[in-house]
Amino acid sequence: MSIQKVVVMGAGHGGFQLAATLRQTGYQGSIQLLSDEPGLPYQRPPLSKSYMQGKISEMAMLFRPAAFYETEKVELIHDSAKIINCDAKTVELNSGKILPYDHLIIASGARNRLLNLPGSDLQGVHGIKTRQDADVLIPLLPIIKKLAVIGAGFIGLEFAAVAAAQGAEVHVIELGERPMQRAISEQMSEVFRLAHEQWGVQFHFNTGVSAIEGDGDKVSRLLTNDGSSIEVDRIIYGIGVIPNVEIAADAGLTIENGIVVDEMLLTSDPNISSLGDVANFPCKYFNGKRIRLESVQNAVDQARTIAARLMGNPAPYIQLPWFWTDQGNLKLQIAGLSIGYNETVIVGSVADQKLSVLCFCDGELICVESCNRAGDHMVGRKLLARVSGLTPEIAKVEGFDLKAWEVLNRPEV
Amino acid sequence: MINVTFIEHNGTEHKVTAEAGQSVMQAATFNQVPGISADCGGAGACATCHTYVAAEWVDSFPTKTEMETDLLECAIDIRENSRLSCQLVLSDAVDGIVITLPESQ
């Protein structure tokens, strides 16, 4: 039976891409795209960077203008799903409306993990996840004098760099021992630690926050587990996310650190797929083990894989993960997953902040982290997508150049 | 309004209009012009918005940054007039511009 009714829960990068790709590849049936945010679907990465700094407009944030949804017959519904009925193949919305589907795609994403501390409900404590969150912070940015960022992950550090550039005193408090510990190698962490310190950011590693105190209902001080007291007038937290699995769980889908999907990105119900931040999938680049990735690339490429399947071209999801973050004048691009690396080789110049860290696991290249070396990133993606044969011994040789090596060692077609 | 003509590799023309301040990439994606995937949304992180700028317009844009040059080196079938369309900001000065798309990104 051909699919005529597609419902997409969530209008982030993955949900939007699914709708766009279905139409681009000739799908003629209905598409209902559920968004629980006001306005047109938009890109999230600029929220903590260029949009926050006023460098790009709200218009430039949009995936597509309003006309797209009309001409391409993508029905954008500003409502939230409440109940999935797998047997009846329907989604009931908060408004009570019931949407029947032939295939449902859960692209519900993730929400910020909230601070659970004394004082975390004081005024002046913010997370950044949505355009509304950013819109609250934009007018405040120029008047922040003393900022604490809780969590040294991508978003926290992106905002720390923006605030430091505005002249704010910035403290970053992190439970781990280095910046972006979960995502990047020790060597690249060190490059970013030094850069942030040059920009005036003060790090407090290996410590959590024990309490937030206020003058009246406004935040004024933060206490750390190691006994420090830091005067602040604003706090941003970025301490990870929680996948939005509740409705899927209620519907009886298999849940384990997100919605469990197979290599085709199908959930435990054959009429429901899932993708992006909420989906826990077997990853080719993680030895086939399951992982949940929170990135634009992952959401977009998974959407394309699902759209292709719905259009009669089923194939497993095997795309190489890649990520990026912009902090100050540094662009970090990551190809592959560095989890489990046990050897690194640095190419380029640490002093000039133009370098790549090649991460190897038992002699095999698993990840290329590039700071202001976009060319290495692109080459890294090519190398990681095949059996590269690159070893630490080869990369360590004086004068080794990743681009040149890739060209010389291209497999014959 | 700025007129932009995109020509796909197979010769199909798409005449679209865009606003000053929008990028050439957005002019394409906003109008569903196929052939530009723009995976990173214009952050200069991915090289999937490679285009060719017609000769008479080449000098109308600031020269490539090192980042753009680096990314382009890894694109497919690069030529002298290759640009990442996310880096090309439209202005009235380029009204009528013609952009050709590569066979693949």
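Counting the residues of the stretch A:372-413 that are open to solvent by 50 Å² or more (accessible area, probe 1.4 Å), away from chain B (no Cβ under 14 Å) and β-branched (Val, Ile, Thr) gives 3.
In the list A:Ile173, A:Ile242, A:Ile259, which residue meets the criterion of being open to solvent by 40 Å² or more (accessible area, probe 1.4 Å), at pLDDT 95 or above, hydrophobic (A, V, I, L, M, F, W, C) and under 30 Å from A:Pro321 (Cβ atoms)? Steps first, answer last, please.
Details: A:Ile173 fails: open to solvent by 40 Å² or more (accessible area, probe 1.4 Å); A:Ile259 fails: open to solvent by 40 Å² or more (accessible area, probe 1.4 Å).
Testing whether each residue is open to solvent by 40 Å² or more (accessible area, probe 1.4 Å), at pLDDT 95 or above, hydrophobic (A, V, I, L, M, F, W, C) and under 30 Å from A:Pro321 (Cβ atoms) leaves just A:Ile242.
In summary, A:Asn94 fulfils each of the numbered conditions (1) surrounded by 19 or more Cβ atoms within 10 Å (Cβ to Cβ); (2) touching a Lys or Arg at 6+ places or on another chain (Cβ under 9 Å) with the single exception of condition (1).
When the residues of the stretch B:33-64 are filtered to those that are on the phi > 0 side of the Ramachandran plot and facing chain A (nearest Cβ under 7 Å), the one that is surrounded by the most Cβ atoms within 10 Å (Cβ to Cβ) is B:Ala47.
The condition (being hydroxyl-bearing (Ser, Thr, Tyr) and under 20 Å from A:Gly380 (Cβ atoms)) is satisfied by just one residue among B:Thr29, B:Thr12, B:Thr17, B:Thr69: B:Thr69.
Name every residue in the stretch A:96-131 that is in contact with a Ser or Thr (Cβ under 9 Å, 6 or more places away or on another chain) and either part of a strand (DSSP E or B) or closer than 30 Å to A:Gln28 by Cα (or both), in order of residue number.
Step one: filter the stretch A:96-131 for residues in contact with a Ser or Thr (Cβ under 9 Å, 6 or more places away or on another chain), giving A:98-108, A:114, A:117-118, A:122, A:124, A:128.
Scanning the stretch A:96-131 gives A:Ile98, A:Leu99, A:Pro100, A:Tyr101, A:Asp102, A:His103, A:Leu104, A:Ile105, A:Ile106, A:Ala107, A:Ser108.
For the stretch A:12-25, the count of residues that are surrounded by fewer than 18 Cβ atoms within 10 Å (Cβ to Cβ), away from chain B (no Cβ under 14 Å) and under 29 Å from A:Thr254 (Cα atoms) is zero.
Give A:Ser338, A:Ser356 a once-over and let me know the one that is within 24 Å of the chain's Cα centre (by Cα), free of Cβ contacts under 8 Å to residues at least 60 places away in the same chain and crowded, with 18+ Cβ neighbours inside 10 Å. Before you say what the answer is, go through the steps one by one.
Working: A:Ser338 fails: free of Cβ contacts under 8 Å to residues at least 60 places away in the same chain.
Going through A:Ser338, A:Ser356 in turn, the sole match is A:Ser356.
Within the bounds of the stretch A:70-81, is there any residue that is farther than 30 Å from A:Phe159 by Cβ, away from chain B (no Cβ under 11 Å), part of a strand (DSSP E or B) and open to solvent by 70 Å² or more (accessible area, probe 1.4 Å)? For the stretch A:70-81, residues farther than 30 Å from A:Phe159 by Cβ, away from chain B (no Cβ under 11 Å), part of a strand (DSSP E or B) and open to solvent by 70 Å² or more (accessible area, probe 1.4 Å): present.
Scanning the stretch A:266-293 for residues that are in contact with a Pro (Cβ under 9 Å, 6 or more places away or on another chain), open to solvent by 20 Å² or more (accessible area, probe 1.4 Å) and either within 14 Å of another protein chain (Cβ to nearest Cβ) or not in a strand (DSSP E or B) (or both) turns up A:Asp277, A:Lys284, A:Tyr285, A:Phe286, A:Gly288, A:Lys289, A:Arg292.
The values are calculated or read from the model by the stated rules, or taken from the named source; none is laboratory data. Just so we're clear, the structure is a prediction, and the values are computed from it rather than from any experiment. Neighbour counts are summed over all protein chains in view; Cβ atoms, including those assigned to glycine, are modelled from backbone coordinates with ideal geometry. The protein model used for the area step is the full one, side chains on, heavy atoms only, and it has no ligands, DNA or RNA in it. Shrake-Rupley method; radii C 1.70, N 1.55, O 1.52, S 1.80 Å.
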